[in-house]
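Report on the structure given below.
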Amino acid sequence: MNSNSDDHLQDFVEDSEQPDLSEDIRARLLNTASGRQHAMWSQRLRDGYATNRNVRLPAKDRETQTGEMIPGLMEVIGDNDTAEIHLTSAAIQENMQTNAAAFEGWALALKRWAGAKKVGLFWPAVEPVDGRFPPHYERFLYRARRFADLFPDWFWLDGDTSASAALGNIGERVLNVAGDRSHLTGKQVCEPGKWMNENEMECFFRKDAAFAEHFGFRPGYRTDQQFPVGLFASEAPKDGTRIFPGGKGAIDLVCADGDRFWLFELKAGDNIPVGTISELIFYASVIRDAALGHFRFAPMRAPGNDVTGDDVVSAKSIVAVMLGDKLHPLLSDVDLLKMLNDAVQARWNAGGAVTVEFRAATITDGRVIKDVAA
């Protein structure tokens, strides 16, 4: 037999006709591969943040109360230095502090801790109904665009945000305002460190002199709580004109001192979602857009409100603070905060009429406030 002959290889030539795999088998194969990539990025996150081995991405699959395994709301795939965050249609309409919906927090964490050089955001398109997108989807599109604008060098969007009513320049974009709250003034008594929820935290810090001193509020400062950020296409807020969700969508605590506007996202007890930073970035974006005139406030000014839209309109500086008894370990980081503030300085503040700064701090025993950057 000629040693140079290829006859002995004839039984090993690949068949040109591949087996016809069913859609179910193809889906299972893809799911297995993506599952391994999701686990890999979760491991890289743990390895990068070595001081707490419990940090991880939201589960790719989740177990129901009946024991059934169903797909999760978020998945991270990709290899080498590029991560892709894939959200389901349910995730993009979830509350933004829900872990699986908080793409801003996970994108920052993947960049800061997991070694990702590029991070992309993927989501299924939602069709408008009677010419309008659902309010939660509108808010998602707005969040995605504003975050991408901050980090164009490493974060990209796979989907289109151009149809968003909040981002466009056609028609009205009006923020709702609080109604008469005069009957609530002085009714709540809140003790330091004994709060059961964020509402009780708001009540205490709103009146606490040590809190004001720590953050350096100027003389004559005014504080308020539950500052609305519902966006509508009309001065008369009603469901038919709603752009962003309203209802409970409000900033926990705000302060106006001269030409500064402070906003605080508060977290009580063990409530430490990654979405804390998603909420903070969203609220800062909305207030900034209002201060720049992209949004405007409804004209009504009701009694019992110490801080109003007028304070936002006159603001030259916005300070956004996440403050809690605890913060998620991935967010309690000087370098992550610096990464966010460096982007804000380059993309928002440079040459702008309004500046923005992000801060973070934790509380001990309801009294001692420690800045993350300190």
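The values are calculated or read from the model by the stated rules, or taken from the named source; none is laboratory data. Given the structure is predicted, the values throughout are model-derived calculations rather than measurements. Here Cβ is always computed from backbone atoms with ideal geometry, including for glycine, and neighbour counts include all displayed protein chains. Only protein heavy atoms, including side chains, enter the accessible area calculation; ligands, DNA and RNA are left aside. Shrake-Rupley method; radii C 1.70, N 1.55, O 1.52, S 1.80 Å.
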Item to complete: Would you please report the Å³ per residue occupied by the convex hull of the alpha carbon atoms in the stretch 295-374?
Response: 138
Worksheet entry | Percent antiparallel among DSSP beta bridges (both partners in the stretch 209-331, rounded to 5) | 60
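Shape of the chain from its Cα gyration tensor (a ≥ b ≥ c, root eigenvalues): rounded if a/c is under 1.5, otherwise prolate when a/b > b/c, or oblate?
Working: a/c = 2.29, a/b = 1.84, b/c = 1.24.
Here the chain falls in the prolate category.
Give me the percent of the accessible area of the stretch 278-374 that comes from carbon and sulfur atoms, probe 1.4 Å, all protein chains in place. Provide the component values of the computation, followed by the final result.
Working: 1910 of 3760 Å².
So the carbon and sulfur contribution to the accessible surface is 51 percent.
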Response to the item:
Of the convex hull drawn through the C-alpha atoms of the stretch 34-173, the volume per residue in Å³ is 127
Worksheet entry | Separation in nanometres of the label points that stand 7 Å from Cα toward Cβ, at Asp180 and Gln345 | 4.9
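On a full-extension model of 0.36 nm per residue, what is the gain between Trp156 and Asn54, subtracting their alpha-carbon distance, rounded to one decimal in nm?
Details: separation 102, 0.36 × 102 = 36.72 nm, distance 2.82 nm.
Taking Trp156 through Asn54 to full extension adds about 33.9 nm, to one decimal.
Determine the per residue accessible area of the chain with all protein chains present and a 1.4 angstrom probe, expressed in square angstrom.
Values: 18390 Å² over 374 residues.
Counting only protein heavy atoms, the per-residue value for the chain is 49 Å².
Beyond 20 Å between alpha-carbons counts as too far, so tell me which of Lys194/Lys338; Lys238/Lys267; Lys326/Lys370; Lys117/Lys338; Lys117/Lys370 fall in that bin. Walk me through the numbers before you get to the answer.
Values: Lys194/Lys338 32 Å; Lys238/Lys267 30 Å; Lys326/Lys370 11 Å; Lys117/Lys338 17 Å; Lys117/Lys370 31 Å.
Flagged as over cut-off: Lys194/Lys338; Lys238/Lys267; Lys117/Lys370.
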Worksheet entry | Accessible surface of the stretch 177-265 [probe 1.4 Å, protein heavy atoms]: carbon and sulfur percent | 51
Worksheet item: Say we join alpha carbon atoms closer than 10 Å with springs in a Gaussian network model of the chain; which of Ile92, Ile277, Ile363 then has the biggest fluctuation?
Response: Ile363
Discussion item. Given the -39500 (n - 2.57) contribution per DSSP H run of 4+ residues, what per-residue ellipticity at 222 nm results for the chain, rounded to the nearest 500 deg cm²/dmol?
Written reply: -8500 deg cm²/dmol
Worksheet entry | Inter-probe distance in nm under a simple model that places probes 7 Å from Cα toward Cβ, at Arg218 and Lys194 | 3.6
Worksheet entry | GNM top mover of Thr82, Thr51, Thr276 - the chain, alpha-carbon springs below 10 Å | Thr51
Worksheet item: Mean separation of Cα pairs under 8 Å and 6+ residues apart, divided by the residue count of the chain: what relative contact order is that in percent?
Response: 15
Worksheet entry | Orphan Cys of the chain, criterion: no other Cys C-beta under 4.7 Å | Cys255
